[in-house]
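Novice: There's a structure below that I have some questions on.
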Amino acid sequence: MKQLNKKMMKVLGFVAIVAAVGVLGTTNSVQAKQLKENKVYKINLDGKKGKEKVQIKTKQDKKREDFVIYSMYINGKKVAKQKGFELRCKTMDIDKKSKGTALVFYAQTDSQCLSNKAGIFSYKDGKLKRLINFNKSFGEMSIYRLDKISTNGKGFVTIEADTPCRVNIGSFFAKIIFQLKSGKLVKVTNGSFVLNKFSRKYQYVLKENVKVYDNEECTGEEQLIFKKNMKIQILKVSYKITTVGGRKEVSAANAYVKASNGSYGWINIRQVEYDDLDVEHQQFKEYPMWG
């Protein structure tokens, strides 16, 4: 299996979202899940009587010819803009008990990165209110490639992220959960994430013996030893974040795994430097790769 090279690992450190654009209703539809540029939608954003007229207008970026400027207008007033290759804008009813609808609004840029002003917004008193700034409120987002944003309608938003940089477990999809509190989306999965069903199917083969612990800090006496060549599945990961040169990085990570013999436990995931990606320094003989 080919190993990730230095250049690709740096790409993993960028923020990115890959989202499929669904089929939309016609102009002036009652409710649109995804909003396309240069179309007019009527949506009840603020929960009050009547609906707001929402439109994303576009024009070419003069400073960069391959970028488009996406400007959001609500009731004819410009309220926000993004720059990038593609528009990502959708409505999201985060709390069905409260009236109104939130807006996810961002553009895709280089290496599937997120536009600088990307976020989720509510609309109150004629203005957009930011519920979360993806590039600031969630600092470690810079270590993920983001994939999907969804809500359960009960105040929780789930972001599925693909591949944090330098956590040596290859490609995976993990769930990071936020809760709406006092008008802000606050992360509730601090220092951990749970792999979804797709990633739980991934199989890893140990290249070395590893110690197994009964706690996520991997402290104290080991409970078991998983032997070289044993097959395991990673179910969830606990991690710590540090800031290096103004940028967020994973400083340590441990994984809760299921072994082929039916045993469960926590193991340490060894960090790898960009220059140590050859087979000799890998922790696993086989693991899925980001592509």
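The values are calculated or read from the model by the stated rules, or taken from the named source; none is laboratory data. Only a predicted model underlies this, so the values are computations on that prediction, with no experimental measurement involved. Here the Cβ is made from the backbone with ideal geometry for all residues, glycine too, and neighbour counts use every protein chain on show. To get the accessible areas, we keep the full protein, side chains included, count just its heavy atoms, and leave off ligands, DNA and RNA. Shrake-Rupley method; radii C 1.70, N 1.55, O 1.52, S 1.80 Å.
Novice: Work out the FRET efficiency for Lys181 and Glu221 from their Cβ-Cβ distance, taking R0 = 41 Å, and round it to the nearest 0.05.
Specialist: Details: r = 39 Å, r/R0 = 0.96.
Taking R0 as 41 Å, the efficiency between Lys181 and Glu221 is 0.55.
Novice: Here is a further query. At Ser71 and Lys231, where each label point lies 7 Å from the Cα along Cα→Cβ, what is the point-to-point distance in nanometres?
Specialist: 5.8 nm
Novice: At a 1.4 Å probe radius, carbon and sulfur cover how many percent of the accessible area of segment 187-243?
Specialist: So the carbon and sulfur contribution to the accessible surface is 47 percent.
Novice: Heavy atoms of the protein only, probe of 1.4 Å, neighbouring chains included. What is the accessible area of Ser71 in Å², nearest 10?
Specialist: Accessible area of Ser71: about 10 Å².
Novice: Based on the Cα gyration tensor of segment 29-98, what are the three equivalent ellipsoid semi-axes, each the root of five times an eigenvalue, rounded to whole Å and given largest first? Can you show the working numbers first?
Specialist: Details: eigenvalues 131, 30, 19 Å².
Each semi-axis is √(5λ); the values are 26, 12, 10 Å.
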